[in-house]
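The block underneath contains the structure these notes are about, expressed in structure tokens.
The values are calculated or read from the model by the stated rules, or taken from the named source; none is laboratory data. Quick caveat: nothing in here was measured; it's all calculated off a predicted structure. Neighbour counts run over all protein chains shown; Cβ positions are idealised from the backbone, glycine included.
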Amino acid sequence: MAKYVPDITTNRWIIIAEGRSKRPKDTGKQQGTNKICVFCPGFEKLSGSEVYRLGPGEPNTAGWQVRVIANKYPITDFHEVIIHSPDDKRDIDSLPLEHVHKILLTFRDRYNFYSKNGHVLIFNNVGDAAGASISHPHSQLVVIPKQINLDALTFEPIMNTVGESAHFTVFCPDFSQWPFEVWIAPKKRGEYFGQISQEAIGDLAAVLQDTLKKLIFHLTTGQHFHPGVPMVTFKDGPAYNFYIHHGQDWYIRIIPRLVHRAGLELGTGLSVNIIDPVDAAEILRQEIR
């Protein structure tokens, strides 16, 4: 069982999850080591109890396209792992678009499955610097009791637009706390993520993939030099987080992990962003050649 501890002064909460220290880790491993990937086909019985799949086959067997398992090392009482595909390397930025669509359909289905149990947060960690412990592309879902207040950002005004589609706007908020932070917001406001339509979720697949491609391209190739704009790049391959806001007026927030939080941020709660969101949006608007 998860243990929730309140800070009576700020009304913020801490989750005590001692089991997380036992989870396996294969990111950042030394070159030449050979370890099995429990999220790959053929190891279904090792990875955890299957609760959902897209694709043929019986639970805990091969044949799946997207697979959801109960997390063996949960943070909260309901904690799932959403394995994006059988592919050990390709992620949302490089999988076929129709497969990205299936991942997002899975996100919506699992969100709605738990929506009456509490706050449903879907999040994604890519790279060792972003907190990923297993490199096989996957996302996670946790459910937090309704009575726990979440210190989450509400919808930010749309400024510094990167692009838009029929259903979504991509932008770098003025309030960006991280370099090259990007938000994807639906044009239809006032809804929860679980209410997204079939048409909109197909559009979102293309928008999310395109946005991640732009970020990864600019931040791994060093092609974003502009006079007066600091050069920042991923140091050891792509490292970023994204999450889908749990509440009404949902959005997707993408955070490239280009800097570490230090003493000033930890001591004051203030964030220091070394890239002006205006410049970040201008860079990301450029066509990838």
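When you check GLY267 against the structure, is it more than 17 Å from LEU153 (Cβ to Cβ), without any contact (Cβ under 8 Å) to a residue 40 or more places away in the chain and not basic (Lys, Arg), yes or no?
Here the answer is yes, as GLY267 does meet what is asked.
Does at least one position in segment 60-69 carry a residue that is at negative phi and touching a residue at least 40 places away in the same chain (Cβ under 8 Å)? Give the steps one after another, and end with the answer.
Restricting attention to segment 60-69, the residues satisfying the condition of being at negative phi are 61-62, 64-69.
Imposing the further condition that a residue be touching a residue at least 40 places away in the same chain (Cβ under 8 Å) reduces the set to 66, 68.
Yes - at least one qualifying residue is present in segment 60-69.
Need pairs with beta-carbon distance below 8 Å; first residue hydroxyl-bearing (Ser, Thr, Tyr) and within segment 72-84, second in a strand (DSSP E or B); sequence gap 6+ or separate chains.
THR76/ILE15; THR76/VAL142; THR76/VAL143; THR76/ILE144
Residues that are farther than 30 Å from GLY19 by Cα and either loosely packed, with under 14 Cβ neighbours inside 10 Å or not hydrophobic (A, V, I, L, M, F, W, C) (or both): does segment 144-156 have at least one? Give the steps one after another, and end with the answer.
So the first thing to find is which residues in segment 144-156 are farther than 30 Å from GLY19 by Cα, and the list is 154-156.
Checking the rest, the ones that are also either loosely packed, with under 14 Cβ neighbours inside 10 Å or not hydrophobic (A, V, I, L, M, F, W, C) (or both) come to 154, 156.
Yes, segment 144-156 has at least one match.
Using the structure shown, decide if PRO96 is buried (at least 18 other Cβ atoms within 10 Å of the Cβ), modelled with pLDDT of 90 or more and under 21 Å from the mean Cα position of the chain (by Cα). Please lay out each step first, then the result.
Values: buried (at least 18 other Cβ atoms within 10 Å of the Cβ): no; modelled with pLDDT of 90 or more: yes; under 21 Å from the mean Cα position of the chain (by Cα): yes.
Taking the combined requirement at face value, the residue does not satisfy it.
What number goes with the only condition from (1) buried (at least 16 other Cβ atoms within 10 Å of the Cβ); (2) modelled with pLDDT of 85 or more that LYS45 does not pass?
The single condition LYS45 does not satisfy is (1).
For segment 125-178, give me each residue that is of a type in the set (A, V, I, L, M, F, W, C), more than 17 Å from ASN273 (Cβ to Cβ) and over 16 Å from the mean Cα position of the chain (by Cα).
If the condition is that a residue be of a type in the set (A, V, I, L, M, F, W, C), more than 17 Å from ASN273 (Cβ to Cβ) and over 16 Å from the mean Cα position of the chain (by Cα), then ILE144, ILE148, LEU150, PHE155, ILE158, ALA166, PHE168 are the ones that fit.
For the list (1) surrounded by fewer than 22 Cβ atoms within 10 Å (Cβ to Cβ); (2) touching a residue at least 24 places away in the same chain (Cβ under 8 Å); (3) not aromatic (Phe, Trp, Tyr), I need the number of the one condition that GLU164 fails.
Condition (2) is where GLU164 drops out.
Need at least 1 residues that are surrounded by fewer than 17 Cβ atoms within 10 Å (Cβ to Cβ) and within 20 Å of the chain's Cα centre (by Cα) per element, so show me which helices (runs of 4 or more DSSP H) inside segment 179-289 make the cut, counting only ones lying wholly within it. I'd like the intermediate steps shown before the answer.
Numbers: elements: 198-221, 263-268, 277-285.
Result: 198-221.
Filter segment 55-74 down to the residues that are among the aliphatic types (A, V, I, L, M) and surrounded by fewer than 16 Cβ atoms within 10 Å (Cβ to Cβ) and list them by number. So that I can check it myself, show each step before the final result.
Kept after step one, since they are among the aliphatic types (A, V, I, L, M), are these residues of segment 55-74: 62, 66, 68-70.
Result: ALA62, ALA70.
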